[in-house]
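Written below as structure tokens is the structure these notes are about.
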Amino acid sequence: MKRLNEKGNTTIFIIGSFSMFLLFLLIIGSFSQVFILKEKASNNAEQASIVATGIVMDYLQIAIDEYDNTLLPEQYPFLSINLKVNSAKGQISAVNRNLSSIEVRNRAINQVLKGNLPGNFLLERFVSSNLSAAESKISSNVIANIENNDGEVKGTRITFTGERIQVETSTRYKAFKYDELLPEEKRYVRQTGIGPKLDFAHGLSGGWGVDIEL
């Protein structure tokens, strides 16, 4: 009889220990999933902010081209913004040889526009017009980037205040166990990404701001 009780106690102990072990694995798995989702949301936000910044830079180049074409650069080459950008590219790449060609271009455009926008109302008109056109492209490209990386578009916010584009986005959490008990508003792991500096905005008389919620 005593031996049977001992066997019963051992069985209960083994079952209890196994249950605790499974619970421990579930807890560890849940924490790991949250960490992975947080990292994923952070990467999505960072990528989206870089994408948005790249679109702004592309439209700034269009603005520069339009400005130069209006001024007939063949007759007035000293007024060409593209000429100044190319000169700045050479100086920047000479000092920062580790930068990519895109990074060199972006820094040069920012530098030249920051110095040439103040008081140049024609140039500012082209820049402002193209920034307005860029905003819709920013929205569509950020949406595509987040969707391609299995992120949550709803609630994503894109802002520009000061020098950098900032994107706040999220990924959706799903629990291993008792998922139905988790409130919907608690499922979203939010992170923020910040793009490269956009110094050109300091040269705009009225500044520039973006606040887009998707």
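The values are calculated or read from the model by the stated rules, or taken from the named source; none is laboratory data. Note that the coordinates shown come from a computational prediction; the quantities given were computed from them, not determined experimentally. Cβ sites come from the backbone with ideal geometry, for glycine too, and all protein chains shown count toward neighbours. When the accessible area is computed, the model is the full protein with side chains, heavy atoms only, and any ligands, DNA or RNA have been set aside. Shrake-Rupley method; radii C 1.70, N 1.55, O 1.52, S 1.80 Å.
Does Asn116 satisfy the criteria of being open to solvent by less than 60 Å² (accessible area, probe 1.4 Å), over 30 Å from Glu39 (Cβ atoms) and touching a residue at least 60 places away in the same chain (Cβ under 8 Å)? Don't jump to the end; show me each part of the working.
Details: open to solvent by less than 60 Å² (accessible area, probe 1.4 Å): yes; over 30 Å from Glu39 (Cβ atoms): yes; touching a residue at least 60 places away in the same chain (Cβ under 8 Å): yes.
Judged against the criteria, Asn116 is a match.
If I filter the stretch 142-158 for residues that are exposed (fewer than 15 other Cβ atoms within 10 Å of the Cβ) and hydroxyl-bearing (Ser, Thr, Tyr), do I get at least one hit?
Checked against the condition, which is being exposed (fewer than 15 other Cβ atoms within 10 Å of the Cβ) and hydroxyl-bearing (Ser, Thr, Tyr), the stretch 142-158 yields no hits at all.
For Ile50, indicate whether it is modelled with pLDDT under 95 and either farther than 30 Å from Val127 by Cα or not in a helix (DSSP H, G or I) (or both). Explain how you work it out, then say what you get.
Working: modelled with pLDDT under 95: yes; either farther than 30 Å from Val127 by Cα or not in a helix (DSSP H, G or I) (or both): no.
It is false that Ile50 is modelled with pLDDT under 95 and either farther than 30 Å from Val127 by Cα or not in a helix (DSSP H, G or I) (or both).
Check Glu124, Glu163, Glu168 and return the single one that is at pLDDT 90 or above, closer than 15 Å to Ile194 by Cα, among the acidic types (Asp, Glu) and out of contact with any Cys (no Cβ under 8 Å at 6 or more places or on another chain). Spell out the reasoning first.
Numbers: Glu124 fails: closer than 15 Å to Ile194 by Cα; Glu163 fails: at pLDDT 90 or above.
Going through Glu124, Glu163, Glu168 in turn, the sole match is Glu168.
Of all residues in the stretch 119-137, how many are surrounded by fewer than 19 Cβ atoms within 10 Å (Cβ to Cβ) and more than 20 Å from the chain's Cα centre (by Cα)?
Final tally of qualifying residues: 7.
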